[in-house]
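The values are calculated or read from the model by the stated rules, or taken from the named source; none is laboratory data. What you see is a predicted model; the values in this text were computed from it and never measured. Heads up, the Cβs are rebuilt from the backbone with ideal geometry, glycines too, and the neighbour counts pull from every protein chain shown.
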Amino acid sequence: MTANTASLAPLRLAMVGGGEGAYIGNIHRISARLDNGFQLVAGAFDIDADRGRRFAATLGIEDSRSYGDYRAMLDAETRRDDRVDAVAICTPNHTHFQIAQACLDAGFDVICEKPLTTTLEDAIALEAAVKKSKRFMGVTYTYSGYPMVHEAREMVAAGLLGAIRVVQVEYPLEWMATAIESQGNVQAAWRTDPKKSGRGGSIGDIGTHAYHLAGFVTGLKLESLSADLATFVAGRTLDDNAHVMLRYEGGARGLLWSSQVAIGCSNGVRLRVFGEKGSLTWFQEQPNELEFTKLFGRVERIKRGAEDLSPAAKARTRTPPGHPEGYLEAFANLYAGCAEAIRARRDGRDPAPIGRNIPGVYDGLKGVAFVDAVVDSAQAGGSTVTPHAV
Ligand code: NAD
């Protein structure tokens, strides 16, 4: 068996899920090829094998590499000379564990969607499996792909805000403000089903993004939390709104809000960080800007593309300032980072800046531990809970 180790050609990618009409698979496909880090050559795209094969044909996948299910794919790919290098998992939450475990067992690197798994036990097992396999696993926490999020992280690390006191992070959406799961919306249907979504509703689906973003920028470690979960839309069993108070090690406090019923909020991810000397604000719907304010100072609007940005932000920037970059480019930064991390590991060298600080299985495990603690706290009437140590 040979893999593309020495060549500079794109790595060969397979995908599980992301079939016709699916949401995130297409974002992965666009992102994987934006910087030529990967070429999609194989897949088991759909829970319905025939529909998956028909869809694969529209993507230009060779018939011999269009598979009816992921096990057949892994089995066949391990026996090919031009076997795939990595597998992207774009299926609903409850399938991530089994598919990822099978990919690792077959010797493939993995790029997996969040939340990593639906149970803490599975997340712990998967982290151990990645360590044992010595394979790479990236977890697509989208918001850590934005250049201005990296700039914020660099500014906090450089001490420009001083010691962090308060973190406010929110991820409100409006698309599930009515019971669309009972009107044929496939994505809402599995997200509101505890067997497929996991213990968290909004908190697992989007609260995990907010939690990762806050930790990614501030470097703070969660000590304990207290949560209130609400279910506003009749017929649901999982939360569609979550408020979580966060206590970080060292004394900083945080407040996290995730909501699927926030009318008027399209994709309103917002992070505010307040330190002893200054504060930062980043809003995903204006992703090319970062606001920085020093104590009693004027508000500085830092632009993506400015000459004095950090190497971490520059490495994730393609076009000059004034040419907006956004969601697809940020997601592509994660893919470019995964490609670089895989190549660097194979070559036995340190990754270039784009391949550093890629969210991985450990971040995925922390996200699942966070959701578990939130649900435990809410079920105990908001009592203080220490998340499982990871
Ligand atoms: P979706 O329902 O739109 O698509 C799921 C796809 O997986 C479908 O094509 C389905 O047929 C296929 N599938 C299901 N089980 C399969 C199996 N065993 N084998 C092969 N294919 C299978 O779901 P979605 O909204 O695209 O979400 C998928 C995942 O992506 C979820 O884990 C979700 O949390 C995550 N997600 C992440 C982001 C992000 O910003 N990173 C955004 C949206 C969704």
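Okay, here's what the table says:
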item: Residue match in segment 41-55 (condition: within 22 Å of Cys338 (Cβ to Cβ) and modelled with pLDDT under 95); result: no
item: Cβ-Cβ under 6 Å pairs, at least 6 apart or on other chains, segment 281-299 side farther than 20 Å from Arg270 by Cβ, far side buried (at least 16 other Cβ atoms within 10 Å of the Cβ) and at pLDDT 95 or above; result: Lys294/Gly278
item: Single match in Arg83, Arg51 (criterion: touching an Asp or Glu at 6+ places or on another chain (Cβ under 9 Å) and more than 30 Å from Ala188 (Cβ to Cβ)); result: Arg83
item: Ala57 vs. criteria surrounded by fewer than 23 Cβ atoms within 10 Å (Cβ to Cβ) and free of Cβ contacts under 8 Å to residues at least 60 places away in the same chain; result: yes
item: Breaking point among (1) within 15 Å of the ligand (Cβ to nearest atom); (2) touching a helix residue (DSSP H, G or I) at 6+ places or on another chain (Cβ under 6 Å), for Cys103; result: (2)
item: Hits in segment 176-196 - residues which are assigned to a helix (DSSP H, G or I) and buried (at least 22 other Cβ atoms within 10 Å of the Cβ); result: Arg191
item: Residue count, segment 336-386 (criterion: in contact with a helix residue (DSSP H, G or I) (Cβ under 6 Å, 6 or more places away or on another chain), β-branched (Val, Ile, Thr) and assigned to a helix (DSSP H, G or I)); result: 5
item: Selection status of Arg247, basic (Lys, Arg), at pLDDT 95 or above, away from the ligand (no atom under 13 Å from the Cβ) and more than 27 Å from Glu121 (Cα to Cα); result: no
item: Segment 125-160, residues that are within 16 Å of the ligand (Cβ to nearest atom) and either under 22 Å from Phe274 (Cβ atoms) or not hydroxyl-bearing (Ser, Thr, Tyr) (or both); result: Leu126, Met137, Gly138, Val139, Tyr143, Ser144, Gly145, Tyr146, Val149
item: Matching residues in segment 135-175 - criterion: being within 20 Å of Glu325 (Cα to Cα) and part of a helix (DSSP H, G or I); result: Thr142, Tyr143, Ser144, Gly145, Pro147, Met148, Val149, His150, Glu151, Ala152, Arg153, Glu154
item: Those residues of segment 284-305 which are surrounded by 13 or more Cβ atoms within 10 Å (Cβ to Cβ) and not in a strand (DSSP E or B), in sequence order; result: Gln284, Gln286, Pro287, Asn288, Arg304, Gly305
